[in-house]
Amino acid sequence: MPAILLDGHALAAEMLAAVRAEAAALRAAGRPAHLAALIAGHASSSEVYLRNQKKACAEAGIDFELLQLPDTATEADVIAETRRLGADPNVTGIILHQPFPPHVNERRVREALDPLKDVESMTPANFGRLVMGEFDIAPSTASAALEVARRARPDMKGLECVIVGHSEIVGKPLALLLLQSKRDSPTVTVCHVATRDLAFHTSRADLLFVAAGVPGLIRREMVKPGATVIDIGINRVKGADGKSRIVGDVDPAVAEVAGHLSPVPGGVGPITVAVLLRNTVQLARVTGGGRPGAGS
Ligand code: NAD
């Protein structure tokens, strides 16, 4: 039987309805949520994400502001702009779009970001809170992948879970999120580019998350029958017709063996944007943009 496809658009719509209600309440209270996106240089990889964010903010009733710095912006310029946004009482959330130009150290910029406005939860302070299990919001893609997986597997206790990819924005935070519960967590294995026998690990996973950025990396024979497979990859490839399209890291034939599969496009992607906006209203509720009565 073919896998049940996990529809990210439907789940995102549910989440966005709740975000919209929260954003309207904040606006009525005189402290609207306001997301500022900072981009330095021309990162074509973030264009789709940026466009989706802008559109989703408009639909959710969240103010959106784009700050585009030129390619020539120095690291000091980017840090100064990040600090300025942190001090701006109207800005309740900030997103730093990567990649920055090569001469800008992303880690140093991230350190300059106010953790209370860090909607992606990627500052060292917020990452530390994630490790310690003391967090209100979590990195959006990792949270989104977990939200989708929970639809298929609400109870993950003791499951064999394999994550392919150990980046700071996806694999590592996802592993930490999966290990939050002291008693009910799955057993988590994290694979990466140096993993010796990838198929050995993936083929025993009840729950398989893939975020490697390699089209078709996970093939049918690498998946346990009935497994839940969450494809996080977003890769632009050229088809036989010469047209470019978006594919994931999981070969479509995996649908013949998996129990549940999140498709690309239409799986984790739309939910990532919904989580980002949920994080934005959540932080806006706490910071209140620094206006009188904020945080009450
Ligand atoms: P990255 O390049 O930072 O990390 C890739 C990870 O995959 C590394 O841990 C690397 O060791 C591992 N890897 C690479 N090749 C491998 C192989 N052959 N076998 C095993 N492991 C391998 O990438 P990232 O930023 O984590 O993104 C990963 C994918 O997720 C990309 O396709 C990206 O576009 C996508 N992504 C999607 C969303 C979303 O909203 N759905 C958000 C962020 C990233």
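Of ILE62, ILE137, ILE39, all but one fail to be of a type in the set (A, V, I, L, M) and over 30 Å from ASP249 (Cβ atoms); the exception is ILE62. Taking the range 42-70 as the range and being over 23 Å from ILE234 (Cα atoms) and modelled with pLDDT under 90 as the test, no residue passes. Does the range 166-185 hold any residues that are near the ligand (Cβ under 10 Å from one of its atoms) and either farther than 19 Å from ALA205 by Cβ or touching a strand residue (DSSP E or B) at 6+ places or on another chain (Cβ under 7 Å) (or both), and which are they? HIS166, GLU168, ILE169, GLY171, LEU174, listed by residue number. A search for C-beta distances below 8 Å between a residue of the range 37-55 that is closer than 22 Å to PRO102 by Cβ and more than 13 Å from the ligand (Cβ to nearest atom) and any residue that is open to solvent by less than 60 Å² (accessible area, probe 1.4 Å) and at pLDDT below 85, counting only pairs 6+ apart in sequence or on different chains, returns ALA37/LEU50; ILE39/SER46; ILE39/LEU50.
Would you list the strands (runs of 3 or more DSSP E) that sit entirely within the range 153-264 and hold 1 or more residues that are open to solvent by 60 Å² or more (accessible area, probe 1.4 Å)? Reasoning before the result, please.
Values: elements: 160-164, 187-191, 207-210, 228-231, 235-238, 244-247, 260-262.
Result: 187-191, 235-238, 244-247.
Here SER121 clears all of (1) assigned to a loop (DSSP other than H, G, I, E, B); (2) open to solvent by 40 Å² or more (accessible area, probe 1.4 Å) except the condition numbered (2).
Note down all Cβ pairs under 9 Å where the first residue falls in the range 140-169 and is in contact (Cβ under 8 Å) with a residue 60 or more places away in the chain, the second is charged (D, E, K, R) and near the ligand (Cβ under 7 Å from one of its atoms), and they're at least six residues apart or on different chains. Within 9 Å, the pairs are VAL164/ASP249; GLY165/ASP249.
Condition first: farther than 10 Å from THR272 by Cα and either surrounded by 22 or more Cβ atoms within 10 Å (Cβ to Cβ) or of a type outside the set (D, E, K, R) (or both). Now tell me which residues in the range 131-147 satisfy that.
VAL131, MET132, GLY133, PHE135, ILE137, ALA138, LEU146 - these are the residues of the range 131-147 that are farther than 10 Å from THR272 by Cα and either surrounded by 22 or more Cβ atoms within 10 Å (Cβ to Cβ) or of a type outside the set (D, E, K, R) (or both).
Here VAL254 meets the list (1) within 15 Å of the ligand (Cβ to nearest atom); (2) at negative phi; (3) outside the structural domain of GLY61 (by TED's automatic domain parsing) almost entirely, failing just condition (1). Of the residues making up the range 89-99, not a single one is assigned by TED's automatic domain parsing to the domain that holds GLY41, open to solvent by 70 Å² or more (accessible area, probe 1.4 Å) and not in a loop (DSSP other than H, G, I, E, B).
With the requirement that a residue be more than 19 Å from the chain's Cα centre (by Cα) and within 10 Å of the ligand (Cβ to nearest atom), what does the range 200-214 give you?
Going residue by residue through the range 200-214, those that are more than 19 Å from the chain's Cα centre (by Cα) are 200-206.
Those that are more than 19 Å from the chain's Cα centre (by Cα) and within 10 Å of the ligand (Cβ to nearest atom): HIS201, THR202.
Just one of the listed residues (ARG20, ARG51) is closer than 16 Å to ALA274 by Cβ, of a type in the set (D, E, K, R) and touching a helix residue (DSSP H, G or I) at 6+ places or on another chain (Cβ under 7 Å), and it is ARG20. Filtered by the rule that a residue be near the ligand (Cβ under 9 Å from one of its atoms) and more than 20 Å from PRO115 (Cα to Cα), the range 138-162 gives ALA144, ALA145.
The values are calculated or read from the model by the stated rules, or taken from the named source; none is laboratory data. No experiment lies behind these values; they were computed from the predicted model shown. Using ideal geometry, Cβ is built from the backbone for each residue, glycine included, and neighbour counts are taken over all protein chains shown. Please note that ligands, DNA and RNA were not included when accessible areas were found on the heavy atoms of the full protein model with its side chains. Shrake-Rupley method; radii C 1.70, N 1.55, O 1.52, S 1.80 Å.
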